[in-house]
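One structure is given here, and the rest of the page talks about it.
The values are calculated or read from the model by the stated rules, or taken from the named source; none is laboratory data. Bear in mind the structure is a predicted one, so any value in this text is a computation, not a measurement. Note: ideal-geometry Cβ built from the backbone for every residue, glycine included; neighbour counts use all protein chains shown. In case anyone asks, the SASA skips ligands and DNA or RNA and just uses the protein heavy atoms, side chains included. Shrake-Rupley method; radii C 1.70, N 1.55, O 1.52, S 1.80 Å.
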Amino acid sequence: MTKNTTETMKITPRTLAKLKFDAHGLIPAIAQDAKTGEVLMLAYMNLDSLKATLKGGKACYWSRSRQQYWVKGETSGHFQLVKKIFFDCDCDTLLLKVEQIGAACHTMKRSCFYRSVAV
C-alpha cells in the first residue's frame, strides 16, 4: 500500500469563497482514479469534510442518507488517498483525483459506475 504524504494540501480563503455549496451546504465530489482516469464514485462534501480531506489527505464526505460525516474507508479499509482536487468552471462541483485502496463502491465493485444503458 502506498502511503499518502503527510503534507497538508492547501486551499486559500479566496478559492474556498468561490466554491458554490447548495442550500444544504453540500457540493458534489467526483472521485476519479488518479492514474487511469476511471470515474469511481460520486459523493457530497460539506465544508468540514472538505477541510478534513485537505488536512488529512484521505477523502472525507457527508452522507446525505445517514446525515453524518464519514471518512471513505474508515470501516471497510477501502480508503481514497487524495492526490489532487479540482473544481469546475462554475465552482459547483469538485473532482478528486485519488489513489483508490480496494473497492470504491459499497457493493465491493471497483467503481460505482458498473452498469450501462444501451444507446
| Given the conditions (1) at positive phi; (2) touching a residue at least 12 places away in the same chain (Cβ under 8 Å), which single one is not true for Leu42? | (1)
| field | From the options Ile11, Ile30, residue that is of a type outside the set (D, E, K, R), out of contact with any Lys or Arg (no Cβ under 7 Å at 6 or more places or on another chain) and part of a strand (DSSP E or B) | value | Ile30
| said: Suppose we filter region 33-78 for residues that are more than 9 Å from the chain's Cα centre (by Cα) and aliphatic (A, V, I, L, M); how many remain? | reply: 7
| request: Please tell me if Gly102 is over 12 Å from the mean Cα position of the chain (by Cα) and on the phi > 0 side of the Ramachandran plot. | output: yes
| field | Spans of strands (runs of 3 or more DSSP E) in region 50-119 with at least 1 residues in contact (Cβ under 8 Å) with a residue 40 or more places away in the chain and open to solvent by 30 Å² or more (accessible area, probe 1.4 Å) | value | 80-87, 94-100
| query | What number of residues within region 22-46 satisfy the criterion of being over 19 Å from Val98 (Cα atoms) and open to solvent by 60 Å² or more (accessible area, probe 1.4 Å)? | reply | 3
